[in-house]
1. Can you give the extra length, in nm with one decimal, that the chain gains between Ala94 and Ala50 once fully stretched, where that is 0.36 nm per residue apart less the Cα-Cα distance?
2. Evaluate the charge dipole of the stretch 218-350 about its Cα centre and quote only its size in Debye, nearest 20, assuming +1 on the Cβ of each Lys and Arg and -1 on the Cβ of each Asp and Glu.
3. Calculate the dipole size of the chain relative to its Cα centre from +1 charges on Lys and Arg beta carbons and -1 charges on Asp and Glu beta carbons; express the result in debye to the nearest 20.
4. Taking Cα pairs under 8 Å and at least six residues apart, what relative contact order does the chain come out at, in percent?
5. How high is the FRET efficiency between Lys394 and Val108 when r is their beta carbon distance and R₀ equals 45 Å, given to the nearest 0.05?
6. What is the helix-to-structure angle for 435-444, meaning the angle in degrees between its Cα long axis and the longest Cα principal axis of the chain, kept from 0 to 90 and rounded to the nearest 10?
7. With a 1.4 Å probe and every protein chain kept in, tell me what percent of the accessible surface of the chain is carbon plus sulfur.
8. Can you tell me, using C-alpha contacts under 8 Å and at least 6 residues apart, the relative contact order of the stretch 306-420 as a whole percent?
Amino acid sequence: MSKQKHLDIGITVAKSKDVSEWYTQVITKGELIDYTLVSGCYILRPNAYAIWEKLQFFIDGEIKKRGVKNVSFPLFIPESLLKKEASHIQGFKAEVAWVTQGGDHDLVERLAIRPTSETIICDAFSRWVRSYRDLPIKINQWCNVVRWEFKHPTPFLRTREFLWQEGHTVHANDLDAKAEVLDMLGVYKHVFEEVLAIPMISGRKSDAEKFAGAEYTLSVETFLPSGKAIQGATSHYLGHHFAKVFDIGFLDENGVRQLVHHNSWGFSTRAIGVMVLMHSDDKGLVLPPKVAPLPVVIVPIIFDKTKVEVLAYASRIQAAINVESHIDTREEHTAGYKFNYWELVGVPLRVECGPKDVEKNQVVVVRRDTGHKEVVSIDSVSSVVDKVLDDIQKSLFEKAKKMLDASIIDVSSFDELKKVVNGKRVARVSWCGNSVCEKRVIDACEASKSLCIPLEQPKKLHSCAVCGEKGVSMILFARSY
């Protein structure tokens, strides 16, 4: 087979010119997803699933430290259960996919394909909880869910089927429950910032944006180079809503029957799409080292006369470094093709070695994020690789944080607010708390929404930027996915 001189599968559109087409090319040519015959349902290829496994490993470790145990509930939820909590089913009504037939027979009762599991889990909680000694119960499941309402799905960001974890806990008092809601939000913020290198804003959703059936919803949000904001993960205090409907009660220390305080919290494969949009560039994927399926690739420059020596040298390099690596021994492609390929799929660090490097006892280390090349001694390659991978992780976060901070604009009037949001930035404004003012902003600014009420609030508030009444909190508005 003849060697290829150029990569014929590279990205053909700039991120700044057409982010939608760019994103599609990056996730397909970067070998993250493939399409199926069902719109909105995608194949997660090995690279994408490996990223998900690393995220899963981190979150699973954190929740188990907190006494949470993993379970598995059925995919199918009887319609009678889903209908028990009126506001909940109303919030998901347009999203539910139904099974009405099994084989050749009509089902006696429709079965919902799990859009979320509050109802089926609460039905179980009602049997498991009797006494204060049974509490708290903390469970979590790693599963897939189906939500069918939208017409234009986008891989990872809005899909009809996706993977997530959903934690559900019940507590004897509201203080413990509310403390957990905040704690889990901190876990999600940490995984986004420390693992995915994505800065997040922690906040509380407005009543109009909170989860159906929740007393309140906390979320982590960010803003992307595409000019749109996106929700990363959520943590909900559900209070007594589901407990009343499903009769989840217990006898306290005094023998008095009480209702449990209920939480749910979740993190999904959407995070992978957020990572792609935040970090990747016109060459393809840019992956933070902590989630990269392959942190380091070693590319030997192969010629017939020096092939044996160079491949042996590449193996010596691989043995010296402390992280997972791969030696690209393919001979049907040129070195240039290989360089471009590994950039396309986002490997954070490339180590090159050829005959001259063997002679000089050196290697060439190339960063994916900046393209910077460094020649180092093979004797120091291990420490250099560790150091550079750490720096890539930090640099990606710092770059994203700088972009996020520069995108948030403080405004004090409705006209300024509209200008900022329609200009594809985030407006931070004083708000009276009235949903009428919130809707007025959304109606005036195309594809916009309120993101959250940041947990960090200023000591002094101005009047509401929309109506001029007394402000009760700062709130963020932006165009959003």
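1. On the way: separation 44, 0.36 × 44 = 15.84 nm, distance 3.20 nm.
Stretched fully, the Ala94-Ala50 segment lengthens by 12.6 nm.
2. 120 debye
3. Once rounded to the nearest 20, the dipole reads 680 debye.
4. Reported relative contact order: 15 percent.
5. Values: r = 58 Å, r/R0 = 1.29.
Calculated transfer efficiency: 0.20.
6. Helix 435-444 sits at roughly 40 degrees to that axis.
7. Answer for the chain: carbon and sulfur cover 51 percent of the accessible area.
8. 21 percent
The values are calculated or read from the model by the stated rules, or taken from the named source; none is laboratory data. All figures in this text were calculated on a predicted structure; none of them were measured in a lab. Heads up, the Cβs are rebuilt from the backbone with ideal geometry, glycines too, and the neighbour counts pull from every protein chain shown. Areas reflect the complete protein model, heavy atoms only, side chains present, ligands, DNA and RNA absent. Shrake-Rupley method; radii C 1.70, N 1.55, O 1.52, S 1.80 Å.
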